[in-house]
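The values are calculated or read from the model by the stated rules, or taken from the named source; none is laboratory data. Note that the coordinates shown come from a computational prediction; the quantities given were computed from them, not determined experimentally. In this analysis, Cβ positions are derived from the backbone assuming ideal geometry, glycine residues included, and neighbour counts consider all displayed protein chains. All accessible areas refer to the heavy atoms of the entire protein, side chains included, with ligands and DNA or RNA removed. Shrake-Rupley method; radii C 1.70, N 1.55, O 1.52, S 1.80 Å.
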Amino acid sequence: MSVVHQLSPGWLLDHLSFINKINYQVHQHHESCCSKNEPTTSVHLDSVSSFGSSTKFIASDSITKPKNDDGGNCEMFIQKYIFRSELFDITKPYITSAIHKECQQNNEKEDLMNGVKKEISISTHGKKRKRSVGFNQGELDAMEYHEKIRGLILDGSSQIIQEGLKSGFLHPLSEKQDKCNEPITLSFDTCNLSELCEMAKHLPSLNEMELLTLQLMENDMSVTEQDLFSRIVENNSRFTKMITLMGQKYLVPPKSSFLLSDISCMQPLLNCRKTYDVIVIDPPWQNKSVKRSNRYSYLSPLQIKQIPIPKLAAPNCLVITWVTNRQKHLRFVKEELYPSWSVEIVAEWHWLKITNSGEFVFPLDSTHKKPYEGLILGRVQEKTTLPLRNMLPIPDHKLIVSVPCALHSHKPPLAEVLKDYIKPDGDYLELFARNLQPGWTSWGNEVLKFQHLDYFIALESRSRL
């Protein structure tokens, strides 16, 4: 279970446990006793050049026991994978040496809020001049919002963290950990999936009626790599499949499906004419650091508003949008985005990021970054909306407390915290996803990012006949 503790203020989650409870088992047959016509358990995509028409996407699986020449069974190897635990080894806050500086900044903030303006010196052409500096309206709005939820986060998280310390899930930082803790360096040679999606736009288009789903079945099948970008790929088996894309290996968990594309190529989702009971959205919001960096792309509010939620949402669909702490984005979701989708806001939740010892990853009152992010929950409103049955009303201002992953923007799972508020065994969709989950359809131009094999550790394999 990813929910370690559930209290009235919210939940303490174990993100790592949620990933590792997924059945990441790949079944492989011993090559020496299987004939050339028998299937393997990998999905392979070879590419000699960037995109060649002759390249093939080989999708196959085998969970049966093939016969060898003597009529016996071939030996089957079962390889199990677990997510790298060191990626959740967050032992110290991201900001430690700057705590005293933060206090000074907070004092300055209070002075400015009271109308006192601080003069600072700026060097210009070798000369120094003084100018008066204050916070802009966006910063003032952010301070006001923070003051409204500060007590809620402080009091609620205190109860949840204390429960985690009592149970031993959270543990005080030892002197050894404090001295030996080193930052995690990630040197994984991952494929640039977003660039791959951009290149895929230049592939010749297929007949839309054929663009339904590509199922990773037990029998051999071979399709062009074009199909990977033009269909929803489904793994309906009980076991994990491994795919190789541009030389990089990715794990596709059981009972999961995905579409690898950018926002201009979402049509395969609509072609399936399937609607979803839950839609989770993690948009690439524009901010100053993203604009300065070429590493991440972002969408404008107009582009986000054009996402076809009305066509993808089932009646009473629960729509959940991750939002940064920038008030401009919060107002946009509440005042423009949700009304344009006929979504009525029902709650606002907060994800609080802590260390393994229960400290906030950033000081709560930091003016640089906050240790929390927001989620806006709403339900699709239609004239024919059916009454909600067997679902509790969604409470407001719940806290989701967890140790964050060291990988950028790897959000905690919501499936278990939502179970009392959504349709059981419904259809669930995540937009702008970077990982896959059993029972969910995931879409995005980096949808396989955190499924890369380098983020997993192979345990000792076992065999059976």
Which whole-number value in Å² is the accessible area per residue of segment 238-360, probe 1.4 Å?
41
Taking θ = phi - 60°, what integer Hz values does the Karplus form 6.51 cos²θ - 1.76 cosθ + 1.60 yield along segment 392-398, in sequence order, with x for Gly and Pro?
6, x, 7, x, 8, 6, 7
Listed by chain and number, the residues whose amide H is under 5 Å from that of Gln215, excluding neighbours fewer than 5 places away on the same chain and using placed H, are Glu234
Using the Cα gyration tensor of segment 331-461, the equivalent ellipsoid's semi-axes, largest first and to the nearest Å, work out to 28, 22, 15
The long-range amide H neighbours of Ile281, using H built 1.01 Å from N in the peptide plane and a cut-off of under 5 Å, are Ile320, Thr321, Trp322, Leu431
May I ask which residue of Pro393, Ser442, Leu352 lies farthest towards the positive end of the charge dipole of segment 334-460, with charges of +1 (Lys, Arg) and -1 (Asp, Glu) on Cβ and the Cα centre as origin?
Pro393
Taking a probe of 1.4 angstrom, what is the accessible area of Phe169 in Å², to the nearest 10?
60
With a 1.4 Å probe and every protein chain left in place, tell me how much accessible area Tyr298 has, in Å² to the nearest 10.
90
How big is the Cα convex hull of segment 311-380 in projection, averaged over all directions, in nm²?
5.7
Residues whose modelled amide H sits under 5 Å from the amide H of His5, counting only those 5 or more places away in sequence or on another chain, are Leu12
Anything over 30 Å Cα to Cα? Flag those among Lys80/Lys274; Lys274/Lys369; Lys241/Lys353; Lys255/Lys369; Lys255/Lys311; Lys423/Lys449, in the order listed.
Lys80/Lys274; Lys274/Lys369; Lys241/Lys353; Lys255/Lys369
Across 5 Å bins beginning at 0, the whole-percent shares of Cα-Cα pair distances in segment 392-436 come to 4, 15, 25, 22, 22, 10, 2
With a 10 Å radius around each residue's Cβ, average the other Cβ atoms per peptide and rank 366-375, 433-442, highest first.
433-442, 366-375
Starting from the 7 Å offset along Cα-to-Cβ, what nm value, one decimal, do you get for the label separation of Met391 and Glu335?
2.8
